[in-house]
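Encoded as structure tokens, the structure appears first; notes follow it.
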Amino acid sequence: MPDVVSDLHSIGELARASGLTVSALRFYDSAGVLTPALVDPVTGYRWYTDEQIGPARLVAGLRRVGMPVPEIAAAVRAEPAEVHRLLDAHLRRLADGLADARREVVRLRALVDPAPTTVTTLLLSPAELAAALDAVRFAVGANPELPALSGVLLDVEPDGVRLVATDRHRLAVARAAAAVDGPPARVLVPVDLVDRLRRLLDTAGAREVRLTVAGVDLRVAVAGRTLTGTALPYDFPDYRRLLREAVGERPAAYRIPVDVVALRAALRDPAAPTLAREYAGTPLAVSVLGLDDSGGLRLLHPTELAAADPTPDPVSGLRFGVNGEYLLDALDAAGCPQLVLELDGPIAPLAVRRPNDEDTFSVLMPIRL
């Protein structure tokens with residue numbers, strides 16, 4: 001026993017080498033995260049090998065950033081790629097938690113020192129508002145863990161309102177002109193109220209929509225009928241920054257005409273070719289698109305998929321992958337037989353626009369081939 005122990009490190013030595021306390025090492029032993037190489041059956045002393053110093057330092061670092069014990073245990077035994085995945089997931093949790101804390105602080109400040117409620121009234125065309133809602137509704141998020149994406153943002157400007165929705169994988173923007181009385185306002189309208197409003201806009205004889213925003217209270221009057229509701233208490237993402245990052249302010253490198261009828265039929269064909277990929281552990285069918293001889297958009301056929309190159313090439317042309325269902329949603333929401341697809345390259349976000357309409361479009365994230 002003495003010869004063996006002389007080659008090992010005591011719990012105190014490992015504590016000094018790793019940055020963990022002795023009590024923390026005892027805890028991680030009991031939790032099965034970092035088990036000693038040897039425990040003296042008489043004294044109960046714990047002994048560790050040189051090879052355990054690195055894992056102990058990893059545990060110390062993960063402990064400092066607040067990673068849960070089960071994930072620390074997984075990280076100690078995992079390959080580097082899996083450790084990076086665990087770290088990315090933990091960072092997302094921390095960011096979400098910080099955003100939640102900031103929202104709660106804003107709410108608490110409002111409780112302590114409430115600001116006076118401002119009222120903004122908009123007069124809109126029912127047909128124009130309906131078209132704007134139709135253009136963004138498909139992109140509303142449905143993930144209960146991301147409640148800030150579960151509605152449509154109304155960003156009221158001096159001469160109209162911009163409608164925005166996103167589920168992180170796609171973003172849709174539309175605009176409706178309006179006569180605005182009152183200061184600018186931003187409200188996140190819950191999706192159930194959005195859907196009820198959309199049905200109300202089809203009311204026969206509706207000539208005008210009166211939308212009133214008073215703090216978090218919403219009131220909509222159409223053809224003698226009234227809807228009321230409350231805005232969601234979440235901060236919607238900074239969509240203007242997202243747009244700058246996604247599509248920028250300069251002209252796109254590629255502006256590809258889209259025959260909506262033909263592309264929709266190709267994507268909906270049960271025999272449409274796809275590539276098998278995986279996203280967040282879930283199988284994903286990727287539609288690969290390229291250019292035809294006239295520079296228009298087309299779905300690649302099976303014989304071409306193997307040769308699809310994710311980089312622009314003067315001979316083979318541009319190739320890029322998308323979620324076909326998401327692209328179908330964007331085509332349907334645009335409500336136009338001819339569209340333009342804009343992108344800067346095969347792994348850049350792509351924008352689907354109506355011709356000569358800068359205010360209504362959707363942005364989809366591509367999938368690396």
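Quick notes on this one:
- Those residues of the range 140-154 which are over 12 Å from the mean Cα position of the chain (by Cα) and either among the polar types (S, T, N, Q) or crowded, with 19+ Cβ neighbours inside 10 Å (or both), in sequence order: G151, V152, L153, L154
- Complete set of residues in the range 167-186 that are open to solvent by 10 Å² or more (accessible area, probe 1.4 Å) and assigned to a strand (DSSP E or B): R170, L171, R175, A177, A178, A179, V180, D181, A185, R186
- Flag if V140 is within 21 Å of R102 (Cα to Cα) and among the β-branched types (V, I, T): no
- The residues listed here are L34, L94, L38; of these, the one that is open to solvent by less than 100 Å² (accessible area, probe 1.4 Å) and under 30 Å from the mean Cα position of the chain (by Cα) is L94.
- When residues of the range 318-369 are limited to those that are open to solvent by 50 Å² or more (accessible area, probe 1.4 Å) and polar (S, T, N, Q), the one farthest from P270 (Cα to Cα): N356
- In the range 187-217, the residue that is surrounded by the fewest Cβ atoms within 10 Å (Cβ to Cβ) out of those that are part of a strand (DSSP E or B) and hydrophobic (A, V, I, L, M, F, W, C) is A214.
- Evaluation of R57 against the conditions (1) part of a helix (DSSP H, G or I); (2) touching a Phe, Trp or Tyr at 6+ places or on another chain (Cβ under 8 Å) shows that the sole unmet condition is (2).
- Identity of the residue in the range 285-302, outside any loop (DSSP other than H, G, I, E, B), of a type outside the set (G, A, S) and surrounded by 14 or more Cβ atoms within 10 Å (Cβ to Cβ), that ends up nearest to the chain's Cα centre (by Cα): V286
- The set of residues in the range 111-139 being under 23 Å from the mean Cα position of the chain (by Cα) and either over 24 Å from G224 (Cβ atoms) or open to solvent by less than 30 Å² (accessible area, probe 1.4 Å) (or both) consists of A132, L133, A135, V136, R137, F138, A139.
- Residue within the range 48-68 that is farther than 24 Å from P80 by Cα and surrounded by 12 or more Cβ atoms within 10 Å (Cβ to Cβ) present: no
- Qualifying residue in the range 72-91 (condition: open to solvent by 60 Å² or more (accessible area, probe 1.4 Å), within 15 Å of H9 (Cβ to Cβ) and of a type in the set (A, V, I, L, M, F, W, C)): no
The values are calculated or read from the model by the stated rules, or taken from the named source; none is laboratory data. This one's a predicted model, so the numbers in the text were calculated from it and none came from an experiment. Neighbour counts are summed over all protein chains in view; Cβ atoms, including those assigned to glycine, are modelled from backbone coordinates with ideal geometry. Side chains are part of the model used for accessible areas, which takes the heavy atoms of the whole protein and leaves out ligands, DNA and RNA. Shrake-Rupley method; radii C 1.70, N 1.55, O 1.52, S 1.80 Å.
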